[in-house]
Amino acid sequence: MENLKEKTAKNIAWGAINNGTTQVLNLIFGIVLARNLSEADYGIVALITIFTTLAGCLQSAGFSQALANLKPPTFRDYNAVCWFNILAGFSMYAILFLCAPLIAYFFKQPLLTDVSRLAFLAIPLSALGIVPNAKLWIELRNRELAIAAIVSLLLSGSTGMWLAFHDYGYWSLVWQQIIFIGSSTLIKYGFTRWMPKLPVDFTPIKQMFGFSSKLLLTNILTVVSQNVQTFIFGKLLPINTVGQFSQANKWNTMGHSFISNTMAQVAQPVLTNADNEEGRQERVFRKMLRFTSLICFPLMFGLALVAHEFIIVTIGTKWEPSVILLQLLCIGGAFIPLQTLYQNLIISRGRSDSYLRLVALQIVLQIVLTLSLASLGITAMVAAFSALNVLFTACWHYALQRIHPLPALDVLKDTMPFALIAAVVMLATHYATLSITSLWLLLLTRIIVAAALYFMVMRLLNVAILKECLQFIRKKKA
């Protein structure tokens, strides 16, 4: 148990370094790009995101998670999955290349034909990297994953900024994505020193397909869930409005994905390895819930607190309409890391069917809400979307209850105190700083005051999970 605890803490730390560094770099590159590109540039790229991401789901077919559930996967398993992904990736690119004019026609944006054909190159490039990425993830080699992500981001972000400075507009965003995926794939092959070989035996694909096919459908629905509003907005609203939503959603995603990705990098492998002792998996899961709540609620509620001054100071007044959208998204975004943990526990129990049903229900509700509120405008649609994210956490708990009984009261004790304290701290900080007129000073003051106040409250309440984190940090320094 101690070995698993130490290994989990170490990899969470590397995951935090990875996601923290990449988020800081994304923040810097995002600010520079947003100041040099227009709302329409972001809107154009946002319109095709759903196609790229959907194709990525189809090519991976959920085999990364299926490989993680094998104990352990063999070269034969990895080789079959790699060749399957390569064939699927290049096939998807060919199909989407031919469909590019239809996509442009649907959104009434002729320039999308050429933009799509370049952007879709990310699909075969990512197909090549799925197995080395899965291998590093399964082996909990988060240090190597961190290095690959940081180096790739530096290369792609620098290229995107150079292109933006030279007036390449939306092409800056497209090339940034292509270079990030291509360089990340190359670096991961270098770390794993693994290469596919011929001949290939696709028998493992057939054996894993029952489990992975449900994950495939789930991943497709998840992508639709994450991009359905942009897709609908692209059809119903002006391209500049789509760009404003895309900007708000980008900052919101950067916020909640910091903790979501950190935990996702270790959650499924750790939870799978913790199922060999009665009660052990539940203890690990609840500790992950407490750690996630400790971080995600102050982070997301804090982003909502400083949204106005952050947007104006960093990327300019032209993006001010995105402020209210960002604030609304942050409320729902605070609960996404918790849902990620539920999803990983359900998958680790081999119940990809339950995962599929829940995501399907969520996407249906999102589409219904968005379309039914379309006449009220983008703010009402985003507010409903955010509220659904909050309430749907209860659905994930109900799904887990059917697989692995876990008292709802225990979960509420593990999560809600952090949410309530974070909300009170942000409200107190808001009213305490209302008299500050300088936006720069207001931004810095609110960040410092909110962080200090939250930490003080946690220490005064003698919160156990915070004490464990501090002890771990002191131990590493020693």
In terms of the charge dipole of region 113-169, which places +1 on Lys and Arg and -1 on Asp and Glu at the beta carbon, the residue among L155, A119, N142 farthest towards the positive end is N142
So, in nm, how far is label Q401 from label I436 when the simple model puts each one 7 Å beyond its Cα toward the Cβ? 4.3
So which chymotrypsin sites (Phe, Trp or Tyr not before Pro) in region 151-180 are both in a DSSP loop and have at most 15 other Cβ atoms within 10 Å of their Cβ? none
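Per the Cauchy relation, a quarter of the hull surface: what is the mean projected area of the convex hull of the alpha carbons in region 303-453, in nm²?
10.9
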Cβ-Cβ FRET estimate between T317 and F75, R0 fixed at 56 Å, reported to 0.05: 0.50
Carbon/sulfur accessible area of region 333-478, % of total, 1.4 Å probe, equals 72
If you roll a 1.4 Å probe over the heavy atoms of the protein chains, what accessible area per residue do you get for region 365-478, in Å²? 58
Long pairs among K135/K413; K250/K413; K108/K250; K108/K318; K413/K467, criterion Cα-Cα beyond 26 Å: K135/K413; K250/K413
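The values are calculated or read from the model by the stated rules, or taken from the named source; none is laboratory data. In this text the structure is predicted, and so the values were computed from the model without any measurement. Ideal geometry is used to build each Cβ from the backbone, glycine not excepted, and the neighbour counts take in all protein chains shown. Heavy atoms of the whole protein, side chains included, go into the accessibility calculation; ligands, DNA and RNA do not. Shrake-Rupley method; radii C 1.70, N 1.55, O 1.52, S 1.80 Å.
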